[in-house]
1. Length gain on complete extension for the stretch residue 81 to residue 97, per 0.36 nm per residue less the alpha carbon to alpha carbon distance?
2. The list (1) 17.7, 62; (2) 13.9, 43; (3) 13.3, 43 gives values of Rg and Dmax of the Cα atoms in Å, and only one came from this structure; which label was calculated from it?
3. Along the positive direction of the dipole of segment 3-113 (beta-carbon charges: Lys, Arg +1; Asp, Glu -1; about the Cα centre), which of 57, 94, 9 reaches farthest?
4. Could you list the residues of segment 7-26 with an amide nitrogen less than 15 Å from a label point located 7 Å from the Cα of residue 1 in the Cα-to-C-beta direction?
5. Tilt of helix 3-14 relative to the longest C-alpha principal axis of the chain, in degrees (0 to 90, nearest 10)?
6. Using just the helices of the chain, give the 222 nm mean residue ellipticity in deg cm²/dmol: DSSP H runs with n ≥ 4 each add -39,500 (n - 2.57), and the total is spread over all residues, rounded to 500.
7. Note down the magnitude of the dipole of segment 1-74 about its Cα centre, charges +1 on Lys and Arg C-beta and -1 on Asp and Glu C-beta and zero elsewhere, to the nearest 20 debye.
8. Angle, helix 63-76 long axis vs. longest principal axis of the chain, Cα atoms, 0 to 90°, nearest 10?
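Derivation of every value follows stated rules applied to the coordinates shown; laboratory data play no part. The structure presented is a predicted model; accordingly, all values stated were derived computationally and were not measured. Because the Cβ atoms are built from the backbone with ideal geometry, glycine has one as well, and the counts that use them run over all protein chains shown.
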Amino acid sequence: MDELLVERVLRAVECVPPGQVVSYGMLAELVGTSPRLVGRIMAAWGSNVAWWRVTNASGRLPEAITIRALEQWTAEGTPLTADRHGAAIAHARTDANQLAAAWQAACADLPAQ
């Protein structure tokens, strides 16, 4: 796995504000990779960042980690779906432009892509 790509993805996750979420696809577009690769990076290296802020396009995570994510979402005040099995993506999605600006600043010390 490309270590620079991993670092870029993890720094993007760190830029998502508490109480907000971003989809794998939105992160992939920002970083310049695929949603599946973002998912693989999060599964392998995401435990040291706010992994619960990265969901699928409908605001959900794999069932096995949803209970742990729910604890984090509740603590952060993340808007939830009516069934409390995911983030209410329409209300919780982070602003793409603000995320891009924060991510570019966070990656300023990294080599160009």
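1. 3.3 nm
2. Only one option fits the structure, namely (3).
3. Final value for the positive-end residue is 57.
4. 7-14
5. That works out to roughly 40 degrees.
6. -15500 deg cm²/dmol, from helical runs alone.
7. So the dipole magnitude of segment 1-74 works out to roughly 140 debye.
8. 90 degrees
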